[in-house]
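Here the structure is laid out as structure tokens; the discussion comes afterwards.
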Amino acid sequence: MLTSRSLLLAIISLTGHRRKHSSLSLLFFAPAMQYIWCMAINIEVTRDSSFCPGVDRAFKITEQMLFGGKARCYSIGPLIHNPEVVKRLSMLGLEVIDPDSEDLPDLAGMNVVIRSHGIDTATEKKLESLGAVLVDATCPTVKRAQEAASMLVELGYHPIVLGAASHPEVRSIVGRAGGPVTVLESLDEAKRWADEHRGEEIKIGVVCQTTISRDLLEEVMAVLEHDFKDITVMNTICESVARRQEEANELAGNVDLMIVAGGRNSSNTAHLAQRCAEECVNTRLIEDPSEIESDWLVGVSSVGVTGGASTPDWLIQETVEKLFELEQEREKKTQG
């Protein structure tokens, strides 16, 4: 007999632009038809809602290393920006280290994972000098951004990196460029920089943090092209992240409640929630399904669910399951 949990996990595995959990389930799971038919809400999940390819790759590399049963393993900073995943990896034996700390453990012969964001050249050399065995899990798209910045410097361009200066990915791009780099995080910063350097003969090369929006790139380019003639753009925006933003925006514009699951310390998850809120005022960012409150479902007939690039698929599954449980409880109260 199909239980409600197995039903939910099966429904989540459906592919397509969206996964519509109440109406689609009627087509595939007749034994549960009455249960689903009683649900007063439709729940839809975007196709790209869990780990992006780069994060998935880093997670699998680390998981294989941990299950290999070798010596103690470390990661340079949290492997990904999701507290639940970091906690689970810690239980498997992964320890997070700060390479700038004065109290680093003895790393000689130890596996140290370079997370998907990458690291700068100075940090890499420091860890190698300490005898660490570096396991490179840098996202391939991030590597392309690092290489693009370095190439621009070699060709005599001044690289401008669009992104957050404090983000580890941006720090890795800047730290591998091999020359002076300007980091611009917003349109306002771009305008101020253009004002300061207007009239100067500068060859500009633009590189993107992989998770910024295409809109920001287009807006900044409009500003720079107004004042500077020699501009080369290295579009290193991750297609997976861009597609996720587009799908989430579309879904948010068609539901009563939009839930974005992911770490609050994840910049791309926070940006995703911000973009969704522009389409659906009733947008909620959660790190754990236990945060969902039954009051959120009052007057709601449709719910959209998506997740950031560092959100695991099991968190999306548990989020949908929690929504079904809360709605089932509401139905029982109504009928009772």
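The values are calculated or read from the model by the stated rules, or taken from the named source; none is laboratory data. Since the structure is predicted, the reported quantities are computational estimates derived from the model, not experimental observations. Note that each Cβ is placed from the backbone with ideal geometry, even for glycine, and that neighbours are counted across all protein chains shown.
Results, tabulated for the structure shown:
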read-out: Count of residues meeting criterion [in a loop (DSSP other than H, G, I, E, B) and at pLDDT 90 or above] in the range 227-238; value: 6
read-out: Scan of the range 120-140 for residues that are under 16 Å from P78 (Cα atoms) and either in contact with a strand residue (DSSP E or B) (Cβ under 9 Å, 6 or more places away or on another chain) or among the aliphatic types (A, V, I, L, M) (or both), ordered by number; value: T123, L134, V135, D136, A137, T138
read-out: Yes/no for G205 being small (G, A, S) and part of a loop (DSSP other than H, G, I, E, B); value: no
read-out: Verdict on S301 being small (G, A, S) and surrounded by fewer than 18 Cβ atoms within 10 Å (Cβ to Cβ); value: yes
read-out: Test: E102 is without any contact (Cβ under 8 Å) to a residue 12 or more places away in the chain and either in contact with a helix residue (DSSP H, G or I) (Cβ under 8 Å, 6 or more places away or on another chain) or not in a loop (DSSP other than H, G, I, E, B) (or both); value: no
read-out: Matching entry among K191, K125 (being more than 21 Å from V233 (Cβ to Cβ), at pLDDT 95 or above and surrounded by fewer than 21 Cβ atoms within 10 Å (Cβ to Cβ)); value: K125
read-out: Criterion: in contact (Cβ under 8 Å) with a residue 60 or more places away in the chain, more than 22 Å from A165 (Cα to Cα) and either of a type in the set (F, W, Y) or outside any strand (DSSP E or B) (or both) - qualifying residue of V281, V241, V300; value: V300
read-out: Whichever residue in the range 133-150 is of a type in the set (S, T, N, Q) and over 17 Å from the mean Cα position of the chain (by Cα) and, among such residues, is nearest to H167 (Cα to Cα); value: Q146
read-out: Subset of the range 209-233 (residues that are buried (at least 19 other Cβ atoms within 10 Å of the Cβ) and either more than 17 Å from W193 (Cβ to Cβ) or among the basic types (K, R) (or both)); value: T210, T211, S213
read-out: Matching residues in the range 208-226 - criterion: being touching a Leu at 6+ places or on another chain (Cβ under 8 Å) and in a helix (DSSP H, G or I); value: L216, L217, E219, V220, V223
read-out: Failed item, numbered, when H117 is tested on (1) in contact (Cβ under 8 Å) with a residue 24 or more places away in the chain; (2) in a loop (DSSP other than H, G, I, E, B); (3) surrounded by fewer than 17 Cβ atoms within 10 Å (Cβ to Cβ); value: (3)
read-out: Flag for V223 being at pLDDT 95 or above, farther than 29 Å from Q317 by Cα and under 23 Å from the mean Cα position of the chain (by Cα); value: no
